[in-house]
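Below is one structure, written out as structure tokens; comments come after it.
The values are calculated or read from the model by the stated rules, or taken from the named source; none is laboratory data. Here the structure is a predicted model, which means the values were calculated and not measured. Every residue, glycine among them, receives a Cβ derived from its backbone with ideal geometry; neighbour counts consider all protein chains shown.
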Amino acid sequence: MLPNSYFDDAMRLRLLHNLNTQAWSQHSLFLPETLRADLADECNAMQLSGALREAGMGHALSRITDSTLRGDQILWLEAGRSQACDRYLAIMEDLRLVLNRHLFLGLESFESHFAFYAPGTAYTVHRDQFHDDDSRVISVVIYLNQDWLPEEGGALRLHPIDAAAEDVVPTGAHMVLFLSAEMRHEVLPSTRNRISLAGWFRRRPVD
Ligand SMILES: O=C(O)CCC(=O)C(=O)O
Ligand SMILES: [Fe+2]
């Protein structure tokens, strides 16, 4: 284990094994409850104040917004916006070091945003790597929802290349990560607000 790393040996081994064998991994209770609650409060406050923006698809000149294909509202994070966000970014930095040390991925940077899906909104099947930019290598999503019930919907449906689809329930403090280039996935509609932090480790720094 790295000195003072957020990742103990058991979590690190499971994460690396799952990524290697199935291109994705999920971990329940990944965040302490206090941090989940602080991040959820921040996301909800930003949503109420109108600070979130309709999310787009694609990149640069090919970027489009179409809420029937992608319905979330987002806010990109910057270091220093709050103690809770900085704590989250520090944990993601630990994760970057684990991935580089063990999988030799050469990840250089991380970008992430809050996401808010209102009831009935969804994100249709996609991959997270852009056609004209292969710098996103690993996608990581952490759910901030309190007391989510599976019957409320909103699952992340993963479509592995050579295995059956898998649904991840967006339970609070749950973390899922997968290979950005390979894993097709979608967000199913839910019956209540669904909040998360979505992030990407990149091979090259953000410009
Ligand atoms: O919120 C999720 O479960 C996944 C979100 C997603 O696929 C994305 O933002 O690209
Ligand atoms: Fe995605």
Can you find even one residue in region 155-169 that is in contact with a Gly (Cβ under 6 Å, 6 or more places away or on another chain), within 16 Å of ligand 1 (Cβ to nearest atom) and modelled with pLDDT of 95 or more? no
From the options Arg87, Arg96, Arg101, Arg81, residue that is in a loop (DSSP other than H, G, I, E, B) and of a type in the set (Lys, Arg): Arg81
With the structure loaded, tell me whether Leu156 is surrounded by 21 or more Cβ atoms within 10 Å (Cβ to Cβ) and of a type outside the set (Val, Ile, Thr) or whether it fails that test. yes
Which numbered condition in (1) more than 23 Å from Gly172 (Cα to Cα); (2) of a type in the set (D, E, K, R); (3) modelled with pLDDT under 95 is the only one that Arg70 fails? (1)
Please enumerate the residues belonging to region 180-207 that are within 21 Å of Leu103 (Cα to Cα) and either of a type in the set (Ser, Thr, Tyr) or touching a helix residue (DSSP H, G or I) at 6+ places or on another chain (Cβ under 7 Å) (or both). Ser180, Gly199, Phe201
Scope region 42-61; condition in contact (Cβ under 8 Å) with a residue 24 or more places away in the chain and surrounded by 11 or more Cβ atoms within 10 Å (Cβ to Cβ); matching residues: Glu42, Cys43, Asn44, Met46, Gln47, Ala51, Leu52, Ala55, Met57, Gly58, His59
Any chance region 180-189 includes a residue that's near ligand 2 (Cβ under 10 Å from one of its atoms), surrounded by fewer than 18 Cβ atoms within 10 Å (Cβ to Cβ) and under 18 Å from His59 (Cα atoms)? yes
Residue check, Phe30 against (1) assigned to a loop (DSSP other than H, G, I, E, B); (2) surrounded by fewer than 13 Cβ atoms within 10 Å (Cβ to Cβ), all met but one. Which one? (2)
So Arg202 clears everything in (1) surrounded by fewer than 19 Cβ atoms within 10 Å (Cβ to Cβ); (2) away from ligand 1 (no atom under 11 Å from the Cβ); (3) at pLDDT 95 or above except one condition, right? Which one? (1)
